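Undergrad: Before I ask anything, here is the structure I am working with.
The values are calculated or read from the model by the stated rules, or taken from the named source; none is laboratory data. As the structure is a computational prediction, the values presented were derived from the model and not from experiment. Cβ: placed from backbone, ideal geometry, glycine included. Neighbour counts: every protein chain shown.
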Amino acid sequence: MNNIQGRLVIYLVAFAAIFVILFGIRGSAYIINPILLAAVITITVLPIPSRLAKRGVPGWLALVLTILLVVVVLGLVILTVFFSISKLSTELPIYMTGDSQQTTGDPTTTETGTDTTTQPDEIPVEISPIAQGVLGVVLDMLVQFGWALVIFFFMISAAISLPTPSRMGLDPNAPAIGRVTHLTEDVRKYITVLTGINFLVGLGDTIFLMILGVDYAVLWGLLAWFMGYIPSIGFIIALIPPVLMAYAQYGLQTALVVLMGFVLINGGVQNFVQPKMMGNRLKISPVVVFVGLFIWGYLLGGIGALLAVPMTLLVLIIMENFEGTRPLAVLMRYTGEEKKEERKEAAKHVKGLFNRFKRESKPDPESEDVKE
């Protein structure tokens, strides 16, 4: 019984430590998010300086060109989103007025025939806090991206100047180094492929909305590109604003056309193209990705939802380094394409651990005889 009580105490302490760590992460998310973003950006663009150096570009110039590339791309995105959201927040009452007029029909007139259409200045001020709240959330995320760029400058410089493991006295063939290398390669492939897919989706959405004449088409295209990093629900979030904008401008028919267009473009890519291009590389169960989305989104907010897959990969790599959690990591990586023998072996090991715990939890007859 003492052995069982000791194990129970260990399990309780372990679960308590996990909860403390998780809520500590949630409380310090504002500090952790820029660091995680900078780390992901660094891992993604790290091969660029070495490729430039192979083509004869000096090392310092390759580093400067890589930093400028990241700054220009993210800077253009940040400025476009900031000014578009700022302008939209000031024009939102006008679109709300148009929406209400489409709902009620023609503008109402008084008995004398005077047009009494509500003017933008007469819009109730209740809409103002909503616009301010949306703008505040966007500004908060843009500030975190700005801090991530600052941290990225130092990370990319340190990563390039870092010597090889052999020069640091480490074994290049050590399992831990191999798993870290595998993690960085998986994250790099995931971000690179997904960025290309999201760019094509955002470009297609922008052209589609421009053809229909929907305002802020570039902003909605950037939103589709940005939300593409969020698995499962990012597609749904990206289609809501342009559908509402189309409804406010042109009515229900155009809104339905926009909805169908986004379903065909975004949904088709996410359901057919994206799984084929990256499903076999990451080897993570879709259920694990979906659950991880909510966990990291709760802990780190919107940035956590964007980085749900890389963070889940990191957790799986850590679990694979320990004997007790390795079988569970194998099951979490199961996508239905692996060999059945590997899955059966992992399930058998987990079942053995459960049976062992079940046997140890039963009272010992000899100890009861002693007590009697």
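Undergrad: Report yes if Val214 is touching a residue at least 60 places away in the same chain (Cβ under 8 Å) and surrounded by 15 or more Cβ atoms within 10 Å (Cβ to Cβ), otherwise no.
TA: Values: touching a residue at least 60 places away in the same chain (Cβ under 8 Å): no; surrounded by 15 or more Cβ atoms within 10 Å (Cβ to Cβ): yes.
Here the answer is no, as Val214 does not meet what is asked.
Undergrad: Pairs under 6 Å by beta carbon, first residue among the aromatic types (Phe, Trp, Tyr) in segment 236-263, partner part of a helix (DSSP H, G or I), six or more apart or different chains?
TA: Tyr247/Ala255; Phe262/Leu239
Undergrad: Test Ile48 against the stated conditions and say whether it is in contact (Cβ under 8 Å) with a residue 40 or more places away in the chain, at negative phi and either assigned by TED's automatic domain parsing to the domain that holds Leu314 or assigned to a helix (DSSP H, G or I) (or both). First the steps, then the outcome.
TA: Values: in contact (Cβ under 8 Å) with a residue 40 or more places away in the chain: no; at negative phi: yes; either assigned by TED's automatic domain parsing to the domain that holds Leu314 or assigned to a helix (DSSP H, G or I) (or both): yes.
No.
Undergrad: Further, regarding this structure: Could you tell me whether Leu239 is more than 18 Å from the chain's Cα centre (by Cα) and at pLDDT 80 or above? First the steps, then the outcome.
TA: Values: more than 18 Å from the chain's Cα centre (by Cα): no; at pLDDT 80 or above: yes.
So Leu239 does not fit the description; no.
Undergrad: When both residues are 6+ apart or on different chains and their Cβ atoms are under 9 Å apart, which pairs have a first residue that lies in segment 7-22 and is in contact (Cβ under 8 Å) with a residue 60 or more places away in the chain, and a second that is of a type in the set (A, V, I, L, M)?
TA: Leu22/Ile295; Leu22/Leu299
Undergrad: Got a number for residues in segment 251-284 being farther than 17 Å from Phe199 by Cβ, at pLDDT 85 or above and either surrounded by 15 or more Cβ atoms within 10 Å (Cβ to Cβ) or touching a Cys at 6+ places or on another chain (Cβ under 8 Å) (or both)?
TA: Of the residues in segment 251-284, 6 are farther than 17 Å from Phe199 by Cβ, at pLDDT 85 or above and either surrounded by 15 or more Cβ atoms within 10 Å (Cβ to Cβ) or touching a Cys at 6+ places or on another chain (Cβ under 8 Å) (or both).
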